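The structure appears right after this line, and notes come after that.
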Amino acid sequence: MQAVSTRSLADRPTDLGTVAARESALAIEVTGLRKAYGQHVALHDLNLTVEPGEVFGFLGPNGAGKTTTIKILLGLVRPTSGQARVFGLPASDPGARRLVGYLPENFRLQDWLTGNELLELHADLANLTREERAWRIPEVLRLVGLGDRGHERLQSYSKGMLQRIGLAQAIVHNPRLLLLDEPTSALDPIGRREVRDLIRALSSRGTTVFLNSHLLSEVEMLCDRVAIIDRGRVVKSGRLDDLVRGAPELMITLDCVDADVLAVLGRFGRVLSHDLTSVRLGVTDASVASVIAEVLPRSGYRVYSLVPVQRSLEDVFMGLVEGSRL
Amino acid sequence: MSKTLRITRLTLKEAMSRRLIPAGIMVSFLYIVLFAVAYNFAQDRGVQVITGQRSRALVSIAMASLTLSGLYIVNLLAGFLALFLSVGAVSTETDSGSLHALLARPMRRSQLLLGRWLAYALICSVYVSVMAGLVMIVAALINGYITPDPAPAIGLMVLAMLFLVTLSVFGSTFLPTATNGAVAFTLFGLGWLSGVIQVLGDTLNNASLLNLGVTVGMFIPSDMLWRSASYYVQSASVLAATNVFKGALPILANAPPTPGLVMWGMLYPLLLLGGATFIFSRRDI
């Protein structure tokens, strides 16, 4: 994949009136969103904001409500209650979709078209003029690494190529907001890196990216802020740095872990997990480690190691998602 | 409107790419050739065997019946095409997910639905017009049987196809493709049955039976429209003959359609299309 060019698609003249009004609006604003399918509630009172220009990670296990949220943002699904707005416009308004590019999960397409024809179709529906389509389509094909494959039928594309052409149709009209639902799930490691580079390049030009993913490492590499959703509720959201470097933790290895030592450690913080010889302790201040190092030997325990732990997003995610299932 | 037409173009291109149109043309050509051969054979035999004036008139009526049968089969074939073509109008792609990216564009769902409908309506209208026209031409060339009023006959057959396409598109907005297919074909059959019931009621002078047939026929007017079309294919002498055998040929009508039926034939697809748009615009995708 190649770097994003500086040539840009101006808003159509018909958009200009609403562009000014949208400049200050949040890219995504979701308030009290609820979606029920009969007895099954897919989303409970979901609240979410995404600032313009952010790369926002939306994380959650399968069936958590990620895709339902994206579909509501695109007006494909009607919420039972609550509001979803895109750049200040109601999500159900087709005008909002002028500003949005969307790559569905497991992108399926009209596979009897060629790559060029698919992009022609989407660019046309996104209101690009014939002249704009003429230069933009070859450009996006180059961007996603399919420069010379546009004339081939999609039936002959590999899984990875289909994902790339899916990405190409999502960015063909240079959207202000990109909704990506598991964009790298079908790609090999090289393809994943290329998609990450492309997302970074788009982001550097001011495109807001809403990334739906369960690939935690990817979110960690790309996103400014994340929200973790489980069973239709946001269980945690915030800046990635704050989430990962939130409350400090200590990993204590000692000769024996029993109820007494857990009670002692419980005075200094919250026991997150333990086994026969180690305890993971959530504390408010890592400096408490020196006190623990003195107290445990006095109580008759041998301490082999006591180290502060840097949490990964996976730790945070597992803690939240597993915690809510206990 | 331009987005609607863009979807129409896309749907027509799909029909071409999936070889539906080329295959349809080939099979239909085969049908017309077979019809011409059979017609020619029947004509030759008739001329050889029949000598008397009265018998010649009978041959002429037989040839007219053959023309009507040819058109009836065209009507059936076009009906199947209409249903097959549009049975998954939006349901197949909604289920597979390939509609999601399209509907994420600044386009109303009604534009997508109308675009699809226009393409199907166009294919079926052209198909039934060309096929019916060819049957009429073959009849005229081989036997000299001139269809008295080809335009209203073809027009009514087109209306029947528009109804079937719209019925099928309507079902696809809320039913899975296979279920919609089963329902639409059953209704198509029910429409045919309602025609038989009407003819029986008329022949037996049984008002209840006639009303039942007409009531069902109003909801599924495909057969009523075909029978109305058949009236315009029959010459005066053929009409006189079918009047004698009234009831024996439940696929034919021997009276022109009422203006009410023609109006209904035009209005009903529009109502169904409105209903389809209403349902499709509100459902979750």
Nearest 10, in degrees from 0 to 90: the angle of helix B:259-282 to the longest Cα principal axis of chain B is 20 degrees
Bounding extents of region B:170-222 in its principal axis frame from Cα atoms, largest first in Å, are 42, 14, 13
Ignoring ligands and nucleic acids, chains A and B bury, in total, an accessible area (1.4 Å probe) to the nearest 100 Å² of about 2600 Å²
Amide H proximity to A:Tyr102 below 5 Å, modelled H, separation 5+ or other chain, gives A:Leu179
The relative contact order of chain B, taking Cα pairs under 8 Å that sit 6 or more residues apart, comes to a percentage of 23 percent
Computed about the Cα centre, the charge dipole of the protein assembly as shown from +1 Lys/Arg and -1 Asp/Glu charges at the Cβ has a magnitude in debye, to the nearest 20, of 1260 debye
With +1 at each Lys and Arg Cβ and -1 at each Asp and Glu Cβ, the charge dipole magnitude of region A:100-218 around its Cα centre, to the nearest 20 debye, comes out at 240 debye
Once both label points are put 7 Å beyond Cα along the C-beta direction, the B:Arg18-A:Val295 separation in nm becomes 7.1 nm
The ³J(HN,Hα) series, computed from each phi in region A:140-147 with the Karplus coefficients 6.51, -1.76 and 1.60 at θ = phi - 60°, rounded to the nearest Hz and given as x for glycine or proline, is 5, 4, 5, 4, 8, x, 10, x
Residues whose built amide H sits under 5 Å from the amide H of A:Thr114, excluding neighbours closer than 5 in sequence, are A:Leu154
For B:125-132, A:31-38, ranked highest to lowest by mean beta-carbon neighbours within 10 Å, the order is B:125-132, A:31-38
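Taking Cα pairs under 8 Å and at least six residues apart, what relative contact order does chain A come out at, in percent?
Answer for chain A is 19 percent.
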Tilt, helix B:109-143 to longest principal axis of chain B (alpha-carbon atoms), in degrees rounded to tens, equals 20 degrees
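How many percent of all Cα-Cα pairs in region B:174-285 sit more than 17 Å apart?
Here the tail beyond 17 Å accounts for 62 percent of pairs.
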Semi-axes in Å, largest first, for chain B (Cα gyration tensor, √(5λ)) are 38, 22, 14
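So what is Rg over Rh here for chain A, counting just Cα atoms and using Kirkwood for Rh?
That ratio is 1.08, to two decimals.
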Expressed as a whole number, the average count of other chain Cβ atoms within 10 Å around the Cβ atoms of B:90-103 is 5
Rounded to a whole number, the mean other protein chain Cβ count within 10 angstrom for residues of A:67-76 is 3
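Would you please put A:305-315, B:217-227 in order of how densely packed they are, using the mean number of other Cβ atoms within 10 angstrom per residue and starting with the highest?
Descending mean neighbour count gives B:217-227, A:305-315.
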For the pair B:Val37 and A:Ser312, the simple spin-label estimate (label points 7 Å beyond Cα toward Cβ) gives in nm 7.3 nm
Expected sort for A:114-123, A:281-290 on mean C-beta neighbours within 10 Å, highest first, is A:114-123, A:281-290
Excluding ligands, DNA and RNA, the carbon-plus-sulfur percentage of the accessible area of region A:143-246 with a 1.4 Å probe reads 45 percent
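Of all accessible surface on region B:1-155 at a 1.4 Å probe, what whole percent is carbon and sulfur?
71 percent
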Residues other than A:Asp148 with Cβ under 15 Å of its Cβ, Lys/Arg counted +1 and Asp/Glu -1, net out at +2
Rounded to the nearest 10 degrees, the helix B:20-49 long axis (Cα) sits at an angle to the longest Cα principal axis of chain B of 10 degrees
Of the accessible area of region A:261-312, computed with a 1.4 Å probe and all protein chains kept, carbon and sulfur make up a percent value of 55 percent
Checked region B:81-237 with the C-alpha gyration tensor, a ≥ b ≥ c its square-rooted eigenvalues, rounded below a/c of 1.5, otherwise prolate if a/b is larger than b/c and oblate if not; verdict oblate
Taking every alpha carbon pair in region A:186-326 and sorting the distances into 10 angstrom bins from 0 up to the bin holding the longest one, the percent per bin comes out as 10, 33, 26, 19, 10, 3, 0
One checks the Cα atoms of the protein assembly as shown and finds Rg and Dmax, in Å, of 34.1, 131
Plugging the Cβ-Cβ distance of B:Leu270 and A:Ser217 into 1/(1 + (r/R0)^6) at R0 = 60 Å yields, to the nearest 0.05, a FRET efficiency of 0.60
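The values are calculated or read from the model by the stated rules, or taken from the named source; none is laboratory data. Because the structure is predicted, anything quoted here is derived from the model rather than measured. Glycine gets a Cβ as well: all are built from the backbone with ideal geometry, and neighbour counts include every protein chain shown. Heavy atoms of the whole protein, side chains included, go into the accessibility calculation; ligands, DNA and RNA do not. Shrake-Rupley method; radii C 1.70, N 1.55, O 1.52, S 1.80 Å.
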